[in-house]
Amino acid sequence: MDEKYFPAKIERKWQERWAERGTFEVAPDDEKRKFYCLEMLPYPSGRLHMGHVRNYSIGDALSWYKRLQGFNVLHPIGWDSFGQPAEQAAIKQGVNPRDWTEDNIEQMKAQLKTLGIGYDWSREMAAHRPDYYKFDQWFFLKMLEKGLAYRKDSEVNWCPKCETTLSNEQASGGICWRCGSPVEKQNRPQWFLKITDYADELLADMSEIEDGWPERVLTMQKNWIGKSKGANVRFALSGSENTQIEVFTTRIDTIFGVNAIVLAPDHPIVEEHFESFESGVREKIVEIRAGQAKPVDYGEEVEKAGVATGLSAVNSFSSEEVPVWVGNYVLMSYGTGAVMSVPAHDERDGEFARKYDLDIRHVVMPVDEEAEGDVFTGYGKLENSGEWSGLDSKEAILSMTTHAETEGFGESAETYRLRDWGISRQRFWGAPIPIVYCASCGAVPVSISELPVELPESAPFTGVGESPLAKVSDFVNTECPKCGEAAKRETDTMDTFVDSTWYYYRYLDPQNGDAPFDKEAAEYWMPVDLYIGGIDHAVMHLLYTRFWTKMMRDIGLVSFSEPVNRLLTQGMVVGESFYSKDAESYVFADDVEIERDDAGKIVNARMKDGGGEVRIAVEKMGKSKLNGVDPDDMIEVYGADAVRLFVMFAAPVENELVWQESGIEGAVRFLQRVWRFVHKWRSSIASAPREVPNDLSKEAVALRRKAHQTAAKITESFESGQFNTPVASLMELSNALGDFKVETENASEGDRFAVSEAVRFLIIMLAPYSPHTAEELWEAVTNSETGIVESGGRFPVFDEEVAEESEIEIAVQVNGKLRSKVMAPAGADNQTLENLARADGKIADHTNGKEVIKVIVVPNRLVNIVVKG
């Protein structure tokens, strides 16, 4: 063991040793409890950023913790390596997407190994390699067999910048999820997966995971699925014998308050009567259609707009005739494309009615509260509602729905916001869809025995919307699998979210060429015990992967319905950015004179050259803001262990982490302090007794107590997902060791035992955060070259008796005000605590000569003496 701490030397040594020994490689073992720890796999962009470092450090910390508890820990990694950036690189740089991707993987793999993340690299997979996407195609064919995959002409979300279609989830808010560009609507033949067949299961099975998933994620999924229970009600179109307008409503109890029927601009009735409308009406409908095709920012409220068509419809309950409007807030893709407008009981309808001065009629009144404003959206008692007047809303809903069913103009119904998943993409760099189009046979699936349908080596990347594969004649032209005649291949590729729905199953059996994975491997390892990733995937990847598991269950691959027991959504790593008001641009921190307070918060900042004003912000790291931090630079200066320790310590994992280099300097100083202590005591530790001696000094007892208390705290923290607080506990234990004022040459057996136990505890509990340093320190005190886990090191199991304080501090109050504190034996009875409090000199000053009314004792916490006079 070197006298000084040289992180680069230590880290290189242990990375090589782990690789040689296959330390993190695992296989199913029925004698051990399993733990599957998973981080969302990265896209191989070429460089890791600090967000990656944080994500993977969290997973590795928990993997080490479980491994040290004796679990059989699976901790794999792979690459989400299909997607748009590789194709953009081909267009802009003239490089082959395959070469670009493989080069990036090698760079990022080297970075991950330099960080020392304990992955089982023998299970590595990459989505762009044929041995993986063969099974994307296999799944597609299985779903086609079950009727879960189908093709139809459909209006799709089209990103003109990425030149591809997007799912509803990927175009949420009218913005492309990848590039942020406005999304357009286009009609194209598309392949879809019937996720809607699983909508009810996706909702119901949330009960299986509600204890382990963030409530926010489940709420987002519930809202995205958007199940609504209500009724379909038909309004007869005036002047027509057979035409009816069907609306879906969750509040049939408000139907006597309908003042209009509002249609989507592309509703069939609008199409049918369009030419008969007045020219001004036609122009407004065209304008509304154009407006709906334009995107809006996520969460942005669009001003309601509409036009009266001149048509009218009859309310089947009241027989009242109401006008038919076209509105921009009604979508043909949701519900029936028609809504009944009830402005007194719906905020959106109220806004629309006020804008166009439409009648507002209250038909439901609150029972226990005053109605505020024009709109009451709650349940209440019906009025002005014919025979249903006087009923409460819930009773009326049942009765009115039954009436509609009996009379034949309605029925109970359910609707969903969720739509089937469109997976067709006009890209080269994705999994080819295994379909052949034959003039005689139509769309014909490729035989499973012929998989994979491989991508050609390259394709012309022109930037037009048609898939580059369409321009590769050797790929396109083929024979029909059914009749043998000339045919053409499907040239769209699959949405890359297909790759990421099931990748973690492939880790279980990555060399299997016959099936996606072995069922027995899934039975052993699955479900994932902890999944770590960003909340931005809540309604895309995390919803799709739940659907995919249910589909795999239905084709017999797995026996369970939910793939992930516990989900952790980590916060972003953000950085301080500095914007020069004079230069009107971002500037580097080195060019700014910064003044901070004691907490490290910036209180003032000016440009060094001339002192111009600087605007300060904490923002997502990026090149444009000049606030990015390269992990390699930090590792080179401070070492991987210090970087990992800092990103784990700086903030709770669910919160944003504000990067400050001063924090990482503190992490280095802590590791150096631990190193110096172990170096000083290493010989005494090696020769320390293994059993507790009888002659423990007061100092040794106190050190043992601190060690066991620390083990208890850190165990509790890991089990509850508090990954930052253990670092503070480790620092406290290190301080306690530093305060142990016995010199090594004068240490008794009891002293050496207490130090040895505390140091071993400290080293093992440090391993999840700074594994290289912990391994080297373990080798120094045990002379074992095989590493902590292989040599039998286990996470400390604390002894409650040892951890228990012999004395505790008791707060003493007089009339509720803190006047003193006294030390008392742990577990002392109430009378003892009262006696100690009364005997305290400071308390006597406040009670002498006064009448004690009563004494309130809270065991192990406080004594409150109530006096008067």
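Quick notes on this structure:
- Share of carbon and sulfur in the accessible area of the chain stands at 45%, probe radius 1.4 Å.
- Once C-alpha pairs closer than 8 Å and six or more residues apart are averaged by separation and normalised to the residue number of the chain, the relative contact order reads 13 percent.
- Relative to the current alpha-carbon distance between ALA443 and ILE91, full extension at 0.36 nm per residue lengthens the span by 123.6 nm.
- Considering only ALA264, TRP191, ILE105, and ranking their Cα positions along the charge dipole of the chain that arises from unit charges at the beta-carbon of Lys, Arg, Asp and Glu, the one farthest toward the positive end is ILE105.
- Placed amide H near SER154: partners under 5 Å, 5+ positions off or other chain: ARG188, GLN190
- For region 682-803, with +1 on Lys and Arg beta carbons and -1 on Asp and Glu, the positive-most of PHE718, PHE753, VAL789 along the dipole: PHE718
- Antiparallel %, DSSP beta bridges [both residues in the chain], to 5: 80
- Pairs over the 20 Å Cα-Cα cut-off, from the set LYS152/LYS471; LYS134/LYS519; LYS706/LYS821; LYS142/LYS482; LYS227/LYS394; LYS698/LYS842: LYS152/LYS471; LYS706/LYS821; LYS698/LYS842.
- Couplings 3J(HN,Hα) for region 679-684, derived from phi with the Karplus relation 6.51 cos²θ - 1.76 cosθ + 1.60 (θ = phi - 60°), are 4, 5, 9, 4, 5, 5 Hz, where x marks Gly and Pro.
- Residue-count net charge about TYR132 - beta-carbon cut-off 11 Å; Lys, Arg +1, Asp, Glu -1: -2
- Sorted on the mean count of surrounding Cβ atoms within 10 Å across their residues, most packed first, peptides 383-389, 581-587, 848-854 read 383-389, 581-587, 848-854.
- Ranking ASN565, SER57, PHE409 by Cα position along the charge dipole of the chain, where only Lys, Arg, Asp and Glu carry charges on their C-beta atoms, puts SER57 farthest toward the positive end.
- Positive minus negative residues near LYS13 (Lys, Arg vs Asp, Glu; Cβ under 14 Å): -4
- Computed over region 682-803, the convex hull of the alpha-carbon atoms projects to a mean area of 7.2 nm².
- Between region 594-651 and region 770-808, the alpha-carbon centres lie 34 Å apart.
- Ellipsoid fit via the Cα gyration tensor, region 807-868: semi-axes of 18, 11, 10 Å, each the root of five times an eigenvalue, largest first.
- Dipole size of region 228-415 about its Cα centre, with +1 on Lys/Arg Cβ and -1 on Asp/Glu Cβ: approximately 320 debye, rounded to the nearest 20.
- Each Lys or Arg adds one and each Asp or Glu takes one away; over the other residues whose Cβ falls under 15 Å from the Cβ of ASP197, this sums to +1.
- Our summary gives region 730-861 a relative contact order of 15 percent, counting only alpha carbon pairs under 8 angstrom and 6 or more residues apart.
- Set of lysines near LYS355 by C-alpha distance (under 17 Å), chain-local residues within fewer than 8 positions excluded: LYS284, LYS304
- Ranked by the mean number of other Cβ atoms within 10 Å per residue, highest first, peptides 727-735, 445-453 order as 727-735, 445-453.
- Between region 326-378 and region 200-270, the C-alpha centres lie 15 angstrom from each other.
- In the full protein context, the chain carries 44 Å² of accessible surface per residue, based on a 1.4 Å probe and ignoring ligands, DNA and RNA.
The values are calculated or read from the model by the stated rules, or taken from the named source; none is laboratory data. None of these values were measured; they are calculated from a predicted model. Backbone-built Cβ (ideal geometry, glycine too); neighbour counts: all protein chains shown. SASA here: full protein model, heavy atoms, side chains in, ligands and nucleic acids out. Shrake-Rupley method; radii C 1.70, N 1.55, O 1.52, S 1.80 Å.
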